[in-house]
Structures are given as structure tokens and as C-alpha cells.
1. Taking the conditions exactly as written (without any contact (Cβ under 8 Å) to a residue 12 or more places away in the chain and at negative phi), does S26 satisfy them or not?
2. Counting only residues that are at pLDDT 95 or above, under 20 Å from G182 (Cα atoms) and assigned to a loop (DSSP other than H, G, I, E, B), how many does the range 6-56 have?
3. Which one of the conditions (1) aromatic (F, W, Y); (2) within 16 Å of the chain's Cα centre (by Cα); (3) over 22 Å from A76 (Cα atoms) does W113 fail to meet, given that it meets all the rest?
4. Does the range 35-52 contain at least one residue that is in contact with a strand residue (DSSP E or B) (Cβ under 9 Å, 6 or more places away or on another chain), loosely packed, with under 14 Cβ neighbours inside 10 Å and over 19 Å from A81 (Cβ atoms)?
5. What are the pairs, 6+ residues apart or on separate chains, where a residue within the range 166-195 that is of a type in the set (F, W, Y) has its Cβ under 8 Å from a residue that is in a loop (DSSP other than H, G, I, E, B) and open to solvent by 30 Å² or more (accessible area, probe 1.4 Å)?
6. Has the range 169-181 got at least one residue that is polar (S, T, N, Q), closer than 18 Å to T25 by Cα and modelled with pLDDT of 95 or more?
7. So which of L114, L150, L142 is out of contact with any Asp or Glu (no Cβ under 9 Å at 6 or more places or on another chain) and farther than 22 Å from P24 by Cβ?
8. Report whether or not D77 is open to solvent by 30 Å² or more (accessible area, probe 1.4 Å), acidic (D, E) and under 26 Å from S161 (Cα atoms).
Amino acid sequence: MTRIIAGSRKGHRLRTPAHQATRPTSDRVREAVFSAIADWAGTGGESAESMLSGLSFLDLYAGSAAVALEAASRGADPVTAVESAGDVVAIARGNAASTGLPVTVAAAAVEKWLANVTPTRFDVVWADPPYAVENARVEQVLSAVEDRWLAANGLLVLERSSRDEPPRLPLSLTQTWQRRYGETTVYYAMKDEQC
């Protein structure tokens, strides 16, 4: 079990898959990332429930949708979560229903969803591919995100294993930084305001 950390559904417990094919983002990493997103958005001083108000959020490789639900609990709308494993999609949809948060859960492989769905620009795109997915494949996904899905002033957030080589981020995302949390490294990227 995991829980929503802050916002309108703070403390709400979420179901997670029993098998080890998914790796939920830890509470520590989620809290740090959402603080960084609020700082980026200039809403760090707002109440947790409205911290992400006015921002759209896309969660790729969503698993149980804990990150998407955290974003919605903090006011993001619309929020979309994309997950390919059928049993995990059912858990994610159940979590969305139990919280009453407006999160759409799409059942599809991330690459196919990005290529076949009419693009909508999101302010924040979070990607947490399984650590076993090779960087070359992750970089293709990030390129598609930057090209068709990330808003002009949007923020890309990528979670990877600290043991892996850093991925190459799309060249147009010229402002980049990273933070390490033990076995997890989170990469942030956005365009310069002049771009």
C-alpha cells in the first residue's frame, strides 16, 4: 500500500500491484518532486490542495497512478495516466475511483499511446519507465513527448535508477538539472524562456 502525501486527498491509501513488475515511486521522492514542481510553477507557498491548480499533468508508465493521483490531489487538471499492464490498469482505475479525483487512466503501451492519440500539450510530463528499459528507448519516448506533448513552457520530469547512465534529453530542452535520492535520480528539463 502507498498513500497520497498531500492535498485534498492527503492520507488516502492506494492499492499497488502485488507482483514486483512495478516499482512504486517512494513517498520521499514523490514529496521532493512535487516540491520541485511547485517551485518551478511559482506556487510553493500555496495550500497543498491548490498548489498545481491550472496545470495539466501527464503520467507515463503510471503503475498504480499514485503520481497522477498526487498531482490531482494538489489541484492539477486535467490529469492523464498511461499504463500498459491490464491488471495494473485495473488497480489504477480503482484508485482513481476510490479517491474521486479526475484522473483519466489510459490502457496502452506508452510509445503506442504517444504515437496514436491526438496530442494535447501538458504543462508537466512525468515519466517513470521501468529501470530495465534501455536509455535508447527512453530517449525516443522523451523526444516524442517534447515534440508533441509538452507545453511550450512545460516541465519534463524523468525518474531513473542512479546506477544507470544519464539519458540524453531532447536538445531543445536546454534548462536541465537533476537530484539524486539514493537509488533514484530525477531529471528535470525545460526550454529556455527565449526558445
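The values are calculated or read from the model by the stated rules, or taken from the named source; none is laboratory data. These numbers come from a predicted model, not from an experiment. Positions of Cβ are backbone-derived with ideal geometry, glycine not excepted, and every protein chain shown enters the neighbour counts. All accessible areas refer to the heavy atoms of the entire protein, side chains included, with ligands and DNA or RNA removed. Shrake-Rupley method; radii C 1.70, N 1.55, O 1.52, S 1.80 Å.
1. Details: without any contact (Cβ under 8 Å) to a residue 12 or more places away in the chain: no; at negative phi: yes.
No: the conditions fail for S26.
2. Number of matching residues: 0.
3. Evaluating W113 over (1) aromatic (F, W, Y); (2) within 16 Å of the chain's Cα centre (by Cα); (3) over 22 Å from A76 (Cα atoms) leaves (3) as the failure.
4. Of the range 35-52, the ones in contact with a strand residue (DSSP E or B) (Cβ under 9 Å, 6 or more places away or on another chain) are 36-37, 40-41, 52.
Next, only the ones that are loosely packed, with under 14 Cβ neighbours inside 10 Å stay: none.
No: zero hits.
5. As it stands, the answer is Y181/S26; Y187/P166; Y187/L169, since those pairs meet every condition given.
6. Scanning the range 169-181 turns up at least one residue that is polar (S, T, N, Q), closer than 18 Å to T25 by Cα and modelled with pLDDT of 95 or more.
7. Details: L150 fails: out of contact with any Asp or Glu (no Cβ under 9 Å at 6 or more places or on another chain); L142 fails: farther than 22 Å from P24 by Cβ.
Only one candidate passes the filter, namely L114.
8. Details: open to solvent by 30 Å² or more (accessible area, probe 1.4 Å): yes; acidic (D, E): yes; under 26 Å from S161 (Cα atoms): no.
Answer is no for this residue.
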